[in-house]
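First comes the structure, then the notes that go with it.
The values are calculated or read from the model by the stated rules, or taken from the named source; none is laboratory data. Treat the numbers as computed from the prediction; the structure is a model and nothing was measured. With ideal geometry, Cβ positions are generated from the backbone for all residues, glycine too; neighbour counts draw on all protein chains shown.
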Amino acid sequence: MKYTVHYGRKTPTRATARDMVEVGLAVEFDDSVTPVEIGFKIVRDKVEEWIKEAVSGEKPKPKPERPVTTMIQTVAQAFPQELKGQLYFEDSGDYILVKARKFLDSNTFKKVADIVKGKLGGEYVSAGRKSHFRIRKLGV
């Protein structure tokens, strides 16, 4: 299922108190790849970056472009559709995390583990309710 995130913000500029700048962004995501919380953070961070640039008049230092969505999609594509619906994928910096949306039965867990470890060279991190699989980005 797809969903759309919109985030907008209006703020005064430095020129005068009456000058305002308004910035908004709407992006469509696939919830089997990007959970709502992550989608919102991506959109909000981009709008905040644009606001900062507009208010200060300075361009931010260029960051190396990382196609985060593409990396997440690459990992997600390794899973069959019936498994994708039970998982969500998250960028955590050096890793793509694969987390369960709900408790996975032992058969499903084994299927996910086989894909993460066998195809993607990842590992399982046991951390109670925060347990997840992780795949180093360099290996993706």
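Whenever a residue of region 54-82 is assigned by TED's automatic domain parsing to the domain that holds Gly93 and aromatic (Phe, Trp, Tyr), its partners that are modelled with pLDDT of 60 or more and not in a loop (DSSP other than H, G, I, E, B), lying with C-beta atoms within less than 8 angstrom and at least six residues away or across chains, give the pairs Phe79/Leu87; Phe79/Val112; Phe79/Ile115.
Candidates are the residues of region 71-94 that are within 18 Å of Ile42 (Cα to Cα) and of a type in the set (Phe, Trp, Tyr); the one that is surrounded by the fewest Cβ atoms within 10 Å (Cβ to Cβ) is Tyr88. Every condition in (1) modelled with pLDDT under 75; (2) surrounded by 14 or more Cβ atoms within 10 Å (Cβ to Cβ); (3) of a type in the set (Gly, Ala, Ser) holds for Ala17 except the one numbered (2). Regarding Leu97, is this residue surrounded by 10 or more Cβ atoms within 10 Å (Cβ to Cβ), touching a helix residue (DSSP H, G or I) at 6+ places or on another chain (Cβ under 8 Å), modelled with pLDDT of 85 or more and outside the structural domain of Glu28 (by TED's automatic domain parsing)? Spelling it out, it is not the case that Leu97 is surrounded by 10 or more Cβ atoms within 10 Å (Cβ to Cβ), touching a helix residue (DSSP H, G or I) at 6+ places or on another chain (Cβ under 8 Å), modelled with pLDDT of 85 or more and outside the structural domain of Glu28 (by TED's automatic domain parsing).
Quick check, is Val36 modelled with pLDDT of 80 or more and touching a Phe, Trp or Tyr at 6+ places or on another chain (Cβ under 9 Å)? No: the conditions fail for Val36. If you go through region 77-107 and keep only what is outside any strand (DSSP E or B), in contact with a strand residue (DSSP E or B) (Cβ under 8 Å, 6 or more places away or on another chain) and of a type in the set (Lys, Arg), you end up with just Arg101.
Specify the residue that is farthest from Thr4 (Cα to Cα); the eligible residues are those in region 39-64 that are modelled with pLDDT under 80 and of a type in the set (A, V, I, L, M). Spell out the reasoning first.
Going residue by residue through region 39-64, those that are modelled with pLDDT under 80 are 39, 54-64.
Next cut, of a type in the set (A, V, I, L, M) only: 54-55.
On the way: Ala54: 25, Val55: 27 Å.
Among those residues, the one meeting the criterion is Val55.
If you go through region 106-119 and keep only what is surrounded by 10 or more Cβ atoms within 10 Å (Cβ to Cβ) and more than 10 Å from Phe133 (Cα to Cα), you end up with Thr108, Phe109, Lys110, Lys111, Asp114, Ile115, Gly118, Lys119.
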